[in-house]
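One structure is given here, and the rest of the page talks about it.
The values are calculated or read from the model by the stated rules, or taken from the named source; none is laboratory data. Note that this is a predicted model, so its numbers are computed, not measured. Reconstructed Cβ throughout: ideal geometry from the backbone, glycine too, with neighbour counts over all protein chains shown. Please note that ligands, DNA and RNA were not included when accessible areas were found on the heavy atoms of the full protein model with its side chains. Shrake-Rupley method; radii C 1.70, N 1.55, O 1.52, S 1.80 Å.
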Amino acid sequence: MSKHMDMLLKGRDDKLNSISKAITSAETPVKEKHVRRIILGTHREKGAYTFWSYALGFPLASSSILSWKFCHVLHKVLRDGHRNVLQDCMRHHSSLVEIGKLWSNLHDKYGQLVALYTKLLCTKMEFHVKHSEIPPNLEATDEVLERTAGTDINNVFQLTVEVFDYLDAELRLAETVIRQLNTSIAISTLTSGQCRLAPLIQVIQDCSHLYHFTVKLLFKLHACLPADTLQGHRDRFHDQFHSLKTFFNKARDMLYFKRLIQIPKLPDSPPNFLHAASLAKHVKPVVVIPDEYEPEQQEEEDDDDDPEPLIEISEASTASIQAQPQQLDIFDQTFGPPNGGINDRDLQIESLKLDLESLRAELGRVKAEAQRYITQLKSQINSLEAELEEQRAQKQHALVENEQLRMELEATRRRNAEHESSQAFFIEAEKRAQATEQRYNKMKEKHTELVASHAELLRKSADTVKMLSATQQTQEEVERTKQQLSFEVDRIKQEADIKLEEQKFEMEKLKRQLEEKMAEMMRIKGTLQSSEKTTEQMNSSVTALQAEKERLMRSVSEKEAELSSLRQAAQVQQSSLQQERERNSRELGELQGKLQEKSSQEEQLKQKLLEEQFALLQGTVTEAENIIQDAVAKLDDPLHIRCTSSPDYLVSRAEATLGSVDKMKKGHADYLSNMRDAGGLLRALTQFSHLAADTIINGSATAHMAPTDHADRLTENCRGCATQSLQFFRDLKSKTTLPRADPASIRVIVQKILHLGQELRPKSMDIRQDELGDLVEKEMAATSAAIEEAVRRIDEMMNQARKDTSGIKLEVNERILNSCTDLMKAIRMLIIASTDLQKEIVESGKGAATIQEFYVRNSRWTEGLISAAKAVGWGATEMVESADKVVLHTGKYEELIVCSHEIAASTAQLVAASKVKADRNSKKLSVLQQASRHVNEMAANVVGSTRTGQEHLEEKETMDFSGMSVIKLRKEEMESQVKLLELESQLENERLRLGELRKKHYELAGVPLEQVSEGNGETSLLANPVAMSPKPSKPALLKKPALAQKPNVYSKTTFK
């Protein structure tokens, strides 16, 4: 007993060693030797308990390659292991599902393959647990498949759908693997490529069997159900057929598979399920594993480690083994006692392989012979059908000949008028009458056969009606069944009536023939009596005719008896049809009751569908919230600071997000109109969540390379986009707030991000000189529009402030906004005065030239006007943004003061640009100067009102040092001095930064520093031309500004 325990423990150690060697994190294919030992271990222990107990210790969540090779080994163990392996694996079904979900959420190539492989393995285990008659290696005969499907058509239908899903999972894994790899020879021969391709051998084996199962089941379904009902099955099979054929062709061309497996060829076109005879043309695809596979694997294994025996070799004697036969396992019973060497085992394996191959060849020959017999039987059926058609044609031909004979008989009667040839014609007529009687007997036999076949068809029709009535589920099928039954009853009645009419017609015809023959016989008898030369011959003829008459009379009596029997049969059939009609009416009542039950169930299903659709919507919204929250979390992630993005890509993402907002709005409206279908809204939410997250992340990445002001605004808008999106999602999650959910606020925030991205785009400076004139007018018009928009927004802010605030805050806000409104009005008057002065300058200086030619000739002055106009518009826009922030208590009063100084400087630049070409005595110049002074006064009012409001709102703390000791006061004094020194250091650093910014500003403007103070009027006004943009950008200034600025300045291009 101890010896046997040692053997079991050593076998278990060998199995664990094989598992650890087979499932590694190295990107190499799994070695066949290790997998074979694992499979033999499952047969030895009659299960996979040891395999799973060791496999659960693998870090599958940390290595995608390790998970991939684990799935490969598990697939082979399921196919070739012990039959109890399936039940052991089902206990760990949830673990496989969790591994698949984990790797499906990670962006890893092997991770994607692991997710698909785990889904395939789960589908495989669920299928074989449900249908235990089919083994996991799918090697089941057609009889087993027929027994599994059963006779219930609903079970066959469900089994077909499950086989479709099974094959879809196999093909999805194969297509993903091939898509990740290049199908060239070099890739398929590398270990990294072979690591991915190795599991496809099992996939090919499974697909060949599943394809055969699908064909068999579909032919069986088409034999029982209408073709229209199975249209979806046929379309799905055609898609799988083309995918499987493409997969087999690609795999067949790979060098890796050529030496490991023989892949079958599928037919050029899928089977025609509408024609039952196509089943005979179907040939089951057979996958063959060549014998060369094992030696080649063995050569590779020789370099890995020393070969280990498949059977535990014991030193026990034969007598001890015979004394304990109950301790021998299945492996020892199959391959003999463990006292042989390695060579004997290999010889046994080779002999078994040869036997297996011979059996496979014999099985192929048997199948081919059976297929040949089926083909021969079908050909015999076709020949019998052709013979039946020929018999029908002969019957028709006999009827034609009968008519011809009748006509000839009439001619014979006319010729019998002649006395000389009366006897010869009589004999010939008698012969033809006998031939006619023989043909009539043959026709009677044919008629009997047709009546029997008709009765058989009626029985088959009744069986078919029963089968159809059992499968009818809806009112339309009930109505169609009623119509079919009524039509069948009418048809049977018509056929019975036709048969009766034919019999009556046949009897009347025979009677007429008999009367004609009797009349003819009487005429012939009179002729014979009147003839003196042939009296004796006529007497004999009369005797013969009397005998014929008696025979015909007997025939008539027989026909009458047969007609009466046919009438009785018709009455019996009529009674059976009446009973069938009553039974159908009862079944119709039952079907109507079932239909009412179905209608109630349908209402319940509709309600359940609404709940499921809303549950799906909630799940999708939750996932979308997670995606947006994850994107917002990356804004504060220190690792994300190193990420950068281009403004062009941000603009493209923002535009795509705007499109998805429209789709989401449309999907929301569609869902409110039809809450049974949330597909459009789910797709729109999924697309929007990903695009919005992408826009937020790329907006933050773009802000890392943008100027400080743009970066702050861009980051703030990204956070606002996330906030509005999450608010919209929260509205969608509740049925009460669902109807009023509106993504309009999201659109506004995304449009802001889009405008910021467009501002950050590198502007093109290739403006032609002939466009300068139009550009001046456009920039002046854009500046006027910006001023009008600023005035409108200030009025809106004023109204909003009156609603939201009161007391001192309202007074301060009104004073600040009124001063800003006055400043905007002063700027508008300045723009009007500047435009009038420019028109006067152009009219006085252009001469005979056009306005565009004047601007081109004075391009530097024109560029200065454009730059000044852009500066004024930019300053007005910034003023409105700062005022909005101050009123909402989200900005600083200092920003408003800086914008006031900036506007004063910009208007001074516009006045200076206009004075260069103006006449000193011009009245419009004086008006412009007066407007400029008014602007400066209004800017000062804005600064004063801002500082006054700041003093009123900010509460200054009273400094009470009465309770402090001398040492405490000394300590506070030192801390105050330290803070003062820190602030002075920061102030000095900021001043240095401001100086560098100004120096870089002048460098980008293309103006040397010495020209800033030395240049004349035109030189000092040189500014870089810029491209048109939705928002005016600040140009280069000629004099040192009072405060720091953040303009969009671009490289200079010289105009020719």
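Does residue 737 fit the bill of being free of Cβ contacts under 8 Å to residues at least 12 places away in the same chain and closer than 27 Å to residue 611 by Cα?
yes
Kindly provide the set of residues from the range 605-641 that are over 27 Å from residue 668 (Cβ atoms) and without any contact (Cβ under 8 Å) to a residue 24 or more places away in the chain, ordered by number.
636, 637, 638, 639
For residues that are in contact with a His (Cβ under 7 Å, 6 or more places away or on another chain) and among the aliphatic types (A, V, I, L, M), scanning just the range 188-220, find the one that is farthest from residue 460 (Cα to Cα).
Taking the candidates together, the pick is 198.
Please go through the range 856-882 and pick out each residue that is open to solvent by less than 10 Å² (accessible area, probe 1.4 Å) and under 16 Å from residue 788 (Cβ atoms).
869, 872, 873, 875, 876, 879, 880
Restricting attention to the range 65-75, report how many residues are under 13 Å from residue 125 (Cα atoms) and either more than 28 Å from the chain's Cα centre (by Cα) or polar (S, T, N, Q) (or both).
Qualifying residue count for the region: 1.
Residues 693, 678, 703, 654: which one is in contact with a His (Cβ under 8 Å, 6 or more places away or on another chain) and either open to solvent by less than 20 Å² (accessible area, probe 1.4 Å) or of a type outside the set (Gly, Ala, Ser) (or both)?
703
Would you check which residues across the range 606-634 are surrounded by fewer than 12 Cβ atoms within 10 Å (Cβ to Cβ) and either of a type in the set (A, V, I, L, M, F, W, C) or in contact with a helix residue (DSSP H, G or I) (Cβ under 6 Å, 6 or more places away or on another chain) (or both) and list them?
Of everything in the range 606-634, those that are surrounded by fewer than 12 Cβ atoms within 10 Å (Cβ to Cβ) and either of a type in the set (A, V, I, L, M, F, W, C) or in contact with a helix residue (DSSP H, G or I) (Cβ under 6 Å, 6 or more places away or on another chain) (or both) turn out to be 615, 633.
Please note which helices (runs of 4 or more DSSP H) are completely contained in the range 1-116 and include at least 1 residues that are modelled with pLDDT under 90, farther than 23 Å from residue 260 by Cβ and open to solvent by 40 Å² or more (accessible area, probe 1.4 Å).
Qualifying helices (runs of 4 or more DSSP H): 2-22, 32-45, 49-55, 93-104.
Is there any pair with a first residue in the range 68-87 that is more than 19 Å from residue 139 (Cβ to Cβ) and among the basic types (Lys, Arg) and a second that is part of a helix (DSSP H, G or I) and open to solvent by 20 Å² or more (accessible area, probe 1.4 Å) whose Cβ atoms are under 7 Å apart and which are 6 or more apart or on different chains, and what are they?
Listed by first residue and then by second, the contacts come to nothing, as the list is empty.
If I ask for residues that are closer than 30 Å to residue 614 by Cα, hydrophobic (A, V, I, L, M, F, W, C) and outside any helix (DSSP H, G or I), which ones from the range 634-684 would you list?
675, 678
Which number in (1) crowded, with 23+ Cβ neighbours inside 10 Å; (2) more than 60 Å from the chain's Cα centre (by Cα) marks the one condition that residue 902 misses?
For residue 902, the exception is condition (2).
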